[in-house]
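Here's the structure, in C-alpha cells; my notes come after.
The values are calculated or read from the model by the stated rules, or taken from the named source; none is laboratory data. Fair warning: this is a prediction, and the values are worked out from it, not measured in the lab. Please note: Cβ atoms are built from the backbone with ideal geometry, for glycine as well, and neighbour counts cover all protein chains shown.
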Amino acid sequence: MNIVGRRKLWFAISILVILPGIIALALWGLKPGIDFAGGQVMEVGKTSEVEKVKPVFEAAGVKDITVTTTGSGTVLVRYRDAEGKSSADTNEEIKAALAQIGAEQVSYESVGPAVSRDITRNAVISVALAAVAIVIFLAISFRNAPPPVSPWSFGVTAVIALLHDTLALLGIFAILGKLYNVEVDALFITAVLTTIGFSVHDTIVVFDRIRENLKRYTHSFEIIVNDSIVETIARSLSTSITVLFTLLALLIFGGESIRLFVLALLLGVLLGTYSSIFNAAPMLVVWNNYKLKRQAKKKARPVPVKQKKA
C-alpha cells in the first residue's frame, strides 16, 4: 500500500471536502442556536406530539421555533421572544395555552445575550488553546525523535490535520444550517473538541510508530513513513469502526435532543480517521522534502569572493 506516494490524491480529496464548507462559512456562516444567540428553552410535559405543541408557540408570536422530542415523553422547545413582549408575559401566555391542550411546562430556561456572548468567546478560546497545547505537547513528547524530522514538525502537522477536521465539520454544519435550519449550540462545541482529541489520538499512534521505525531502519524517510502508516492502519480503523457503530446506534435509536450532537461526533470521527492516516503523516514527508530542497538550494548558491583592493 503506497499511501504516501499518493499523497497528492489524498490532499485533493481533503480540499474538495473542505472547500464547499469554507465557501458556506464565508457566505452564510453557522446558524447559532439559543446558547449563542440568546433565547428561551422550555420543556413541555404530558405530551410528545410536536403537531400539538408548535401551534401554541406560533400563536404566542415567538420567533425561530424549534421543537424536538426528548425520548422520555416530553417535548423540548427553543424559541426567541417576540418583539415588544417581555419573557415573563410570553411565558405566562404559553403556559395558559399549554394547559388548554392538556400539556404543562416542566422546565423553563432563559439565555440572555450577555451569557451567549460569553459562551461564544469561551468556545473560540477553548479551541485555540487546545491547538496550542497540542503543538507544545507533541513537540515535547517527540523531542528525542531521530533525524531528519524535528520535534516541532510533529506538532505542526498534527494541528494542520485537526484544522482540516474542524474546518470540514464547521463547513458541513454551515451547509446544513442553510439548507435545513440546523443550529449549533454548546454541545456542538463539545463535539468539535472531541473530534480534535480523537484526531490527535489517532495521529499520535502513527507518529509514535514513525519515531520507532526511524530508530530501527535506515530506509528513506518516505518509505519509513509509509510503512508506519500501513503497520498502524488496522488499529486505527478498528478503533474508529467500533466508535462509529456506537454512534450510529445512538443516531438511529437515540432521542431527538442529542441527534445533532451525535451526528457531529460521527462526522468528526470519520474526518479524524481520514486525516490521521492520509493527511498528517504524509505532511511530514512534504515538510521533510521542503526542508531538503531548501538545504540543497543553499549549498548550490555560489559563495561571493571578496576582491582585494589594489
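Restricting the search to strands (runs of 3 or more DSSP E) fully inside the range 18-135 and requiring at least 2 residues that are in contact (Cβ under 8 Å) with a residue 60 or more places away in the chain and surrounded by fewer than 16 Cβ atoms within 10 Å (Cβ to Cβ) gives 104-111. Where helices (runs of 4 or more DSSP H) sit wholly within the range 221-310, none has at least 3 residues that are in contact with a His (Cβ under 7 Å, 6 or more places away or on another chain) and surrounded by 17 or more Cβ atoms within 10 Å (Cβ to Cβ).
Only one of the numbered conditions (1) in a helix (DSSP H, G or I); (2) outside the structural domain of THR232 (by TED's automatic domain parsing); (3) not small (Gly, Ala, Ser) is violated by LEU9, and that is (2). Within the set ALA133, ALA139, the sole residue that is of a type outside the set (Lys, Arg) and at pLDDT below 80 turns out to be ALA139. In the same structural domain as ASN226 (by TED's automatic domain parsing), part of a helix (DSSP H, G or I) and closer than 23 Å to THR239 by Cα: does that describe LEU163? Criteria met by LEU163. Examine the range 206-214 for a residue that is modelled with pLDDT of 85 or more, assigned by TED's automatic domain parsing to the domain that holds SER238 and of a type in the set (Phe, Trp, Tyr), and state whether such a residue exists. Yes. Here ALA168 passes the criteria (1) more than 22 Å from ILE13 (Cα to Cα); (2) out of contact with any Lys or Arg (no Cβ under 8 Å at 6 or more places or on another chain); (3) not acidic (Asp, Glu) except the one numbered (1). I'd like to check something: does the range 142-155 contain any residue that is under 18 Å from SER275 (Cβ atoms) and either out of contact with any Phe, Trp or Tyr (no Cβ under 6 Å at 6 or more places or on another chain) or loosely packed, with under 15 Cβ neighbours inside 10 Å (or both)? Yes, the range 142-155 has at least one match.
Checked across the range 181-188, the condition of being surrounded by fewer than 21 Cβ atoms within 10 Å (Cβ to Cβ), free of Cβ contacts under 8 Å to residues at least 24 places away in the same chain and either of a type in the set (Asp, Glu) or farther than 17 Å from THR273 by Cβ (or both) holds for no residue.
Annotation note: of ALA280, ALA234, the sole residue that is among the small types (Gly, Ala, Ser), assigned by TED's automatic domain parsing to the domain that holds GLU183 and in contact with a Phe, Trp or Tyr (Cβ under 8 Å, 6 or more places away or on another chain) is ALA280. Can you confirm whether the range 99-113 contains a residue that is at pLDDT below 85, aliphatic (A, V, I, L, M) and out of contact with any Lys or Arg (no Cβ under 7 Å at 6 or more places or on another chain)? The answer is yes; a qualifying residue exists.
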